[in-house]
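Trainee: Sharing a structure with you now.
Read-outs: derived from the displayed coordinates by stated rules, not from any lab. A quick note: this is a predicted structure, and the numbers were derived from the prediction, not measured. Heads up, the Cβs are rebuilt from the backbone with ideal geometry, glycines too, and the neighbour counts pull from every protein chain shown.
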Amino acid sequence: QAKLAGKNRYHIFDAALDLNIRNHHESLERIRHALVNDEFVLYYQPKVNMRTGVVTGAEALIRWQHPELGLVPPADFLSIIEDHPLAVELGEWVIKAALSQMSDWHDVGLDITVSVNISARQLQQSDFVERLTALMLAYPQMTPGCIELEILETSALEDMLHVTQVIETCQKIGFKFALDDFGTGYSSLTYLKHLPANMLKIDQSFVRGMLDNPDDVAILDGVLGLAKAFRRQVIAEGVETIAHGAMLLQLGCDLAQGYAIARPMPAIDFHVWSTTWRPDIAWQDLHVLSRD
Ligand code: C2E
Ligand code: MG
Ligand code: MG
Ligand code: MG
């Protein structure tokens with residue numbers, strides 16, 4: 001009896017496993033097809049200095065414009081390809097698409113720094129620098145200084161010395177770096193110490209809780225202090241309300257990105273937004289609150 005049950009269980013497990021593998025394979029094929037079919041798009045979300053109102057840049061965020069499913073968020077497809085060479089291919093598409101967009105904006109008088117997310121895996125490719133500089137060659141009017149690379153999942157970085165060298169080489173060329181989701185994952189402080197990133201991007205989980213959780217305020221305060229000591233800039237992500245922004249300003253964090261400013265939007269909308277953004281009016285409340 002028991003043996004039979006065990007055997008049945010094994011068969012069920014086996015079938016499920018098989019189905020999983022097949023689904024995974026199919027998903028990969030769909031994504032590969034989407035890349036060839038040009039179904040990916042970049043949305044852009046502004047970053048502003050809340051104290052001055054100046055727009056300091058935009059983060060490019062990938063979406064899949066699926067013919068049937070509509071707009072698919074990155075969380076739904078990036079995990080499928082994370083351990084696959086396709087992730088590197090898609091990562092390169094993102095940099096290329098951002099450069100192409102920046103170049104179009106440049107032609108109509110909008111010069112803006114764009115931040116692009118890169119996975120630890122992408123950054124650790126042996127030819128990362130060569131590929132990046134090769135992409136730049138296609139856009140001679142753009143300078144590396146217009147690009148910031150936001151490093152994701154720093155805890156997946158394996159060879160710290162190699163990565164440090166890659167960052168330094170890129171910085172010499174003019175590229176800037178940020179440590180994304182800073183404060184989450186293990187040993188953030190080790191990465192702060194070793195990786196010469198220009199910017200720390202405080203994870204939105206700390207920002208979300210700051211209005212009613214003193215622990216989050218303590219963490220924000222601590223990160224801001226560390227950033228100052230290490231001479232890094234800091235930006236807060238996930239700034240959803242004016243109240244969050246006001247408190248961040250009081251803590252000494254001027255740079256912000258979040259729904260309180262604007263949601264990620266298609267490139268065309270971003271252009272319109274940037275011409276209508278009136279920092280003097282939109283952030284009046286914040287300016288008053290921060291003047292003490
Ligand atoms: P991330 O790089 O930390 O990006 C910030 C995420 O927070 C974005 O989600 C953005 O839409 C969202 N967000 C911005 N402001 C607010 C806010 O005020 N409140 C809330 N609740 N959320 C806010 P999104 O676009 O869904 O991207 C999720 C993650 O997917 C990104 O997190 C990043 O890890 C990854 N990702 C996005 N685009 C790319 C890409 O081109 N390449 C790679 N490798 N990863 C990407
Ligand atoms: Mg990011
Ligand atoms: Mg982030
Ligand atoms: Mg995040």
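Trainee: When the Kirkwood radius is taken over all Cα pairs of region 18-97, what Stokes-Einstein diffusion coefficient follows at 20 °C and 1.002 mPa s, in µm²/s?
Mentor: For the chosen part, D equals 152 µm²/s.
Trainee: Hand me the GluC sites (Glu not before Pro) from region 39-128 located in a DSSP loop with no more than 10 other Cβ atoms within 10 Å, in residue order please.
Mentor: When the GluC sites (Glu not before Pro) of region 39-128 are filtered for loop state and at most 10 Cβ neighbours within 10 Å, Glu68 remain.
Trainee: What does the C-alpha gyration tensor say about the overall shape of region 52-211? Classify as rounded when a/c is under 1.5, otherwise prolate if a/b is larger than b/c, or oblate.
Mentor: Verdict is rounded for region 52-211.
Trainee: Can I ask one more? Put +1 on the Cβ of every Lys and Arg and -1 on every Asp and Glu Cβ in the chain; which of Gln141, Ile118, Leu161 then has its Cα farthest towards the positive end of the dipole?
Mentor: The residue sitting most towards the positive pole is Leu161.
Trainee: Under 8 Å for C-alpha pairs, at least 6 residues apart: give me the relative contact order for the chain, rounded to a whole percent.
Mentor: On the way: 410 pairs, mean separation 53.6, N = 292.
Computed value for the chain: 18 percent relative contact order.
Trainee: I need to check one value: relative contact order of region 179-276, counting alpha carbon pairs closer than 8 Å and at least 6 residues apart, in percent.
Mentor: 24 percent
Trainee: Roughly how many debye, to the nearest 20, is the charge dipole of the chain about its Cα centre, given +1 on each Lys and Arg Cβ, -1 on each Asp and Glu Cβ, and no other charges? Please report the intermediate quantities before stating the final value.
Mentor: Numbers: 23 positive and 38 negative charges, 70 e Å.
Its charge dipole is roughly 340 debye.
Trainee: Follow-up. Just Val166, Val72, Val239 to compare: in a GNM of the chain, with alpha carbon springs under 10 Å, which one fluctuates most?
Mentor: With Cα springs under 10 Å in the chain, the top fluctuation among Val166, Val72, Val239 is at Val72.
Trainee: Let me know the shape class of region 230-270, please: from the alpha-carbon gyration tensor, a ≥ b ≥ c as square roots of the eigenvalues, rounded when a/c is under 1.5, otherwise prolate if a/b is greater than b/c, or oblate.
Mentor: Here region 230-270 falls in the oblate category.
Trainee: Nearest 20 debye, what's the magnitude of the dipole of region 128-238 about its Cα centre given +1 on Lys and Arg Cβ and -1 on Asp and Glu Cβ?
Mentor: In total the dipole reaches around 520 debye.
Trainee: Once you order the gyration tensor axes a ≥ b ≥ c over the Cα atoms, which shape class does the chain get: rounded for a/c under 1.5, otherwise prolate or oblate by comparing a/b with b/c?
Mentor: It is prolate, given that a/c is not under 1.5 and a/b is the larger ratio.
Trainee: Can you find, among Ala236, His24, Ala218, the residue sitting farthest towards the positive end of the charge dipole of the chain, where Lys and Arg contribute +1 and Asp and Glu -1 at Cβ?
Mentor: Ala218
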